[in-house]
Amino acid sequence: MTDAPDPPKPLTVPRPRLGILWLVLMTLAAVVLVARLLPEIAPGSLISEHTIGGPFALTDHTGQRVTEAVLAGKPYAMYFGFTHCPDVCPTALQDMGGLLAKLGPDAEKLRMVFVTTDPARDTPAVMGDYLKAFDPRILGLTGSEAEIKQMLLTYRVYAQKGEAKNGDYQVDHSSAIYLMDRSGELKTVIGQGEKTEASLARIKELISGG
């Protein structure tokens, strides 16, 4: 009587290392972020930090005409939103004011900027009244429809006006705080809902290196 052949051993599939999984997840997250923040970039074009930011001509919340020169010499944090925003924008502006408060004297080394995505309603006077509810060091910027459209393109910001209902409408827009160095180049972003400690660390790194 012959011995029965041994049953085949099950194939051993190596488990991926945690580091590889983490790298894959981070890569996917980066792709999503780029797709969200850079909707105007044509497929196949070169994407870099130099793609975001550049010259502009707008009006600040006091009614003064300004250019990118108003931000020269200091790193800055820039957020795009609108004054009729129900929750996301005021939360972001509160967070920006909170970060300035936590920076103490170092807050003078940074500019905080709020750019409207709704120029039709956000006149300089409206912006000025709205920003009174937040840190007075936040600079508000608005302009004509054409000027704001160009600004959104320059900073690769997604913004889409919604359907009007009873004379009111919302503006869907990307929600991230751009951290730009003193030369006007993007260093990183603060995402919506990021913890204060992490955001403050990013700001301090921007100030020290930017």
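The values are calculated or read from the model by the stated rules, or taken from the named source; none is laboratory data. What you see is a predicted model; the values in this text were computed from it and never measured. Positions of Cβ are generated from backbone atoms using ideal geometry, with glycine treated the same way; all protein chains shown enter the neighbour counts. In case anyone asks, the SASA skips ligands and DNA or RNA and just uses the protein heavy atoms, side chains included. Shrake-Rupley method; radii C 1.70, N 1.55, O 1.52, S 1.80 Å.
Structure notes:
- With protein chains left intact and a 1.4 Å probe, residues in region 133-183 average 51 Å² of accessible area per residue.
- ³J(HN,Hα) computed for each position of region 112-117 - Karplus, 6.51 cos²θ - 1.76 cosθ + 1.60, integer Hz, glycine/proline x: 10, 10, 10, 10, 6, 9
- Solvent-accessible surface (1.4 Å probe) assigned to Glu145 amounts to roughly 110 Å².
- Taking a straight line from the alpha carbon of Lys165, these aspartates and glutamates sit under 20 Å away, with near neighbours fewer than eight places off in the same chain left out: Asp87, Asp118, Asp122.
- Residue ranges 103-111, 73-81 sort as 73-81, 103-111 when ordered by packing (mean number of other C-beta atoms within 10 Å per residue, highest first).
- Spin-label pair Arg137/Ala101, simplified geometry with 7 Å Cα→Cβ offset, distance in nm: 1.3
- For region 82-98, the residues whose amide N sits under 18 Å from a probe point set 7 Å from the Cα of Asp129 along the beta carbon direction are 82-86, 90.
- Nonlocal amide H pairs with Gly53, under 5 Å, H built at 1.01 Å: Tyr155, Arg156
- Within straight-line cross-link reach of Lys161, lysines at Cα separation under 21 Å, skipping those fewer than 8 residues along the same chain: Lys149
- Sequence-distant lysines (8 or more away, or on other chains) whose Cα lies within less than 16 Å of Lys74: Lys109, Lys187, Lys204
- Relative packing of peptides 92-98, 113-119 - highest average C-beta neighbours within 10 Å first: 113-119, 92-98
- Amide H contacts under 5 Å for Thr117: Gly81, Phe82, restricted to partners 5 or more places along the chain or on a different chain, H placed in the peptide plane at 1.01 Å from N.
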